[in-house]
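The values are calculated or read from the model by the stated rules, or taken from the named source; none is laboratory data. All values derive from a computational prediction rather than experimental measurement. As a convention, Cβ positions derive from the backbone with ideal geometry for all residues, glycine included, and neighbour counts pool all protein chains shown.
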Amino acid sequence: MSTTTLQETAHHTSHGEAHGEQHHHETFITKYVFSQDHKTIAKQFLVTGIIWAIIGGLFSVIFRLQLADPTATYPWLEDLLGHWAQGGKLQPEFYYALVTMHGTILVFFVLTAGLSGTFANFLIPLQIGARDMASPMLNMLSYWFFFLASIIMMSSLFVQTGPASGGWTIYPPLSALGDASAGSKIGMDLWLVSMAMFIVSSLLGGLNYITTILNMRTKGMSMTRMPLTIWALFFTAVLGVLSFPVLLSGAILLLFDRNLGTSFYLSDIVVAGKILPNEGGSAILFQHLFWFLGHPEVYIILLPAMGMSSEILSINSRKPIFGYMAMVGSLFAITILAFLVWAHHMFVTGLNPFLGSVFVLLTLLIAVPSAIKVFNWLTTLWRGNIRFTPAMMFAIGFVSLFISGGLTGIFLGNSALDIHLHDTYFVIAHFHIVMGVASFFGMFAGVYHWYPKMFGRYLNNTLAYIHFWVTIIGAYLIFWPMHYEGLAGMPRRYYDFSNWESFKNFGGLNQFISMIALLVFAVQLLFVFNFFYSIWKGRKVTNQNPWNANTLEWTTPIRPGHGNWPGDIPEVHRWPYDYSKDGKDFIAQDVPVGADESKH
Amino acid sequence: MSSVAMQQKNKIHPHKFTLWVGIGSIIMMFAGLTSAYIVKRNQANWVTYELPVAFYYSTLVIIISSLTLHLSAKSFKERAMATYRKLMAITLLLGIVFIVLQVIGFNQFWNEGMTLQKSVSYSFLYVIVGLHALHVVGGVIALLIMSLGAFSSKTRNYSMVPVELMCTYWHFVDILWVYLLVFLIMIK
């Protein structure tokens, strides 16, 4: 019998037929390292993401030290960074490396792999009623490609010329020419190889998520009965599968330019007095290819947070989600529009102004589905019987941040205003609030909410509330003042502002921002402590359904094995939002519809 | 069989579906490359060129190979295992011939002075045709595994799924090549 036929049999038995948990011989290696169980893979993604978040966060704290006081020296910094901080002062080259790596790590390794990787893996099979992913093998490979990408990116931090430092968008010619800067040498090569691995990982993951959602739903789980988390993760995967290959093609051309002397992106360049032979290339071409991924990437980061927040808001308001179909429709609209707005990152590249106005229109159209979502979240909360669990606090925080950050998007989406605001701290403030911090809030909400399912224990609530309040107040204190700096024209990515008369008066504000950044980072460490401490010492979960939620993951045992349900997979009879219906607090999805039950 | 499993029967096999989504993502990669090509073509320094003759022969070869693979799958369905084995091996052979012809085409192109670095137009040709060839190499490896399985006396596998997966992928790289050829002839 060939392996394929074996898989066939395994595939069929895994659907019903009262087989229950798949008992197979498990060693430590197959259970915790090369595991094919989607729940273990999810935890692997989460823990790797947490490690990256600490590193990426630490980088921002270090470069904020430089921005707080460009003249100060910190002897301990030299102990930590060696020749990158000679005399305790951060070198300009390494400042750029830190900024670049902060962006790369947070955007790709934490908020893409750490967020989608964790929750798509964990929630898709559990919430749609499947024993595992469509291909557990590809799923495992997806994690290990991510792991490989992580190792390569990590190793680039330790090479002599430092990691990539041309910004996370790696625009050529800086990224295409090894002689252009210290960070354009081996660090850039490692960056590209690592990202190639990362793209493979996210494609393998995405293929699996889409197939699993469309093919492996349990009986009765029609598409319109799926929780909004699954819808969001589905659209996220679609975005990833269609946009990452375009980045890959851009990166391949870049590799050719770097290593084989082609001129896709290069033309008329002089480096260190030497005229390069490259002719006929266009650096703008790279920006088109990059932002064709880059913009959908923003939604790859944001949609899972939207989905999880929708779910958590409904559960903890004890009310059905308001406008389920509108929620799905707006997710779909955002997915389509995500592919049509990339050039709004390029308004000042000499883009044809008419084309620019088309992209302005398409960009501002995103406000419509976004506003629908916000309206529905607020109406879900309206007159709800709200339980302020830590997950709920973070979900509400997400909505708040999404509104604040989304509004400044309307400013930036205007090509005329963007001429002034482009590449200033206004942009930094906008995308950190709407995409960075907001998605982190969605992720925290998810971790606090599903932690009992993941580890069979609770996180400590007191630490969680401290975490929430310091983070939300801190996030606003850090990023709100940046809007003013940006409106005053303060450019991003500068190493030292003290040489400009016009920006000198922001010295005090910069110091304030840096202090808050340090505090907020410290509080994230408190969360990390809470996370790892609670795995072993947290309060044990004794109730199968601790949040009184409707979705299928709470019908599994408290600590589900590989295969998720010991008996048959439950059959689904209703949508997941029957809260406070017909006098009942909640009715789980696997409860049959009663004869005298009203329609939702 | 429970009703859940029954319902599953009517759906497309997950592996097939995964392949289709994967094909979508490969299409996006080539869409990225060909649109970059169009953008670049409208800028300065574009050089037009003639495609090497070998590419026309390779087109013929890959179209025939699609046909043999289709017939091979048909015989598999009819359990005509001897014909299936023969046609599978012929397809594998044709796949290898295709790769060889692409390499010959690259050589012709290069020897006529159209080297990788000389002009962006040529660079694009090498990258686009080369990446397609890599996808065919992947298919050839799969064909090799299938052929080895077909000739191995130990294997007794009558599942249609691997054969169908193979067909879908191979027809896809065939159609992709025809598209790329037409693209490169029309827009140069």
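Yes/no matrix, rows are residues, columns are (1) surrounded by fewer than 21 Cβ atoms within 10 Å (Cβ to Cβ); (2) more than 14 Å from chain B (Cβ to nearest Cβ); (3) hydroxyl-bearing (Ser, Thr, Tyr):
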position: A:260; (1), (2), (3): yes, no, no
position: A:266; (1), (2), (3): no, no, no
position: A:274; (1), (2), (3): yes, yes, no
position: A:282; (1), (2), (3): no, no, yes
position: A:292; (1), (2), (3): no, no, no
position: A:304; (1), (2), (3): no, yes, no
Any hit, the range B:36-58, residues being among the charged types (D, E, K, R) and in a helix (DSSP H, G or I): yes
Filter result (crowded, with 20+ Cβ neighbours inside 10 Å and either touching a helix residue (DSSP H, G or I) at 6+ places or on another chain (Cβ under 7 Å) or among the basic types (Lys, Arg) (or both)) within the range A:532-552: A:547, A:549, A:551, A:552
All helices (runs of 4 or more DSSP H) inside the range A:28-113 with 2 or more residues being surrounded by 20 or more Cβ atoms within 10 Å (Cβ to Cβ): A:38-68, A:92-104
Matching option when the condition is more than 19 Å from the chain's Cα centre (by Cα), within 30 Å of residue A:571 (Cα to Cα) and within 14 Å of another protein chain (Cβ to nearest Cβ), among A:252, A:213: A:213
Any hit, the range A:180-201, residues being within 12 Å of chain B (Cβ to nearest Cβ), part of a helix (DSSP H, G or I), of a type in the set (Ser, Thr, Tyr) and under 17 Å from the mean Cα position of the chain (by Cα): no
Lone unmet requirement of (1) within 14 Å of another protein chain (Cβ to nearest Cβ); (2) touching a residue at least 60 places away in the same chain (Cβ under 8 Å); (3) of a type outside the set (Asp, Glu); (4) surrounded by fewer than 15 Cβ atoms within 10 Å (Cβ to Cβ) for residue B:77: (1)
Which listed residue is surrounded by fewer than 20 Cβ atoms within 10 Å (Cβ to Cβ), at negative phi and either outside any helix (DSSP H, G or I) or touching a strand residue (DSSP E or B) at 6+ places or on another chain (Cβ under 8 Å) (or both), from A:592, A:570: A:592
Criterion: out of contact with any strand residue (DSSP E or B) (no Cβ under 7 Å at 6 or more places or on another chain), modelled with pLDDT under 95 and of a type in the set (Gly, Ala, Ser) - qualifying residue of A:85, A:53: A:85
Condition check for residue A:240: part of a helix (DSSP H, G or I) and either in contact with a strand residue (DSSP E or B) (Cβ under 9 Å, 6 or more places away or on another chain) or more than 13 Å from every other protein chain (Cβ to nearest Cβ) (or both): no
Among residues of the range B:106-150, those that are more than 10 Å from every other protein chain (Cβ to nearest Cβ) and part of a helix (DSSP H, G or I), counted: 26
Sole exception among (1) at pLDDT below 75; (2) within 23 Å of the chain's Cα centre (by Cα) for residue A:43, by number: (1)
Residue within the range B:1-13 that is modelled with pLDDT of 90 or more and in a helix (DSSP H, G or I) present: no
Flag for residue A:586 being more than 24 Å from residue A:310 (Cβ to Cβ) and surrounded by 12 or more Cβ atoms within 10 Å (Cβ to Cβ): no
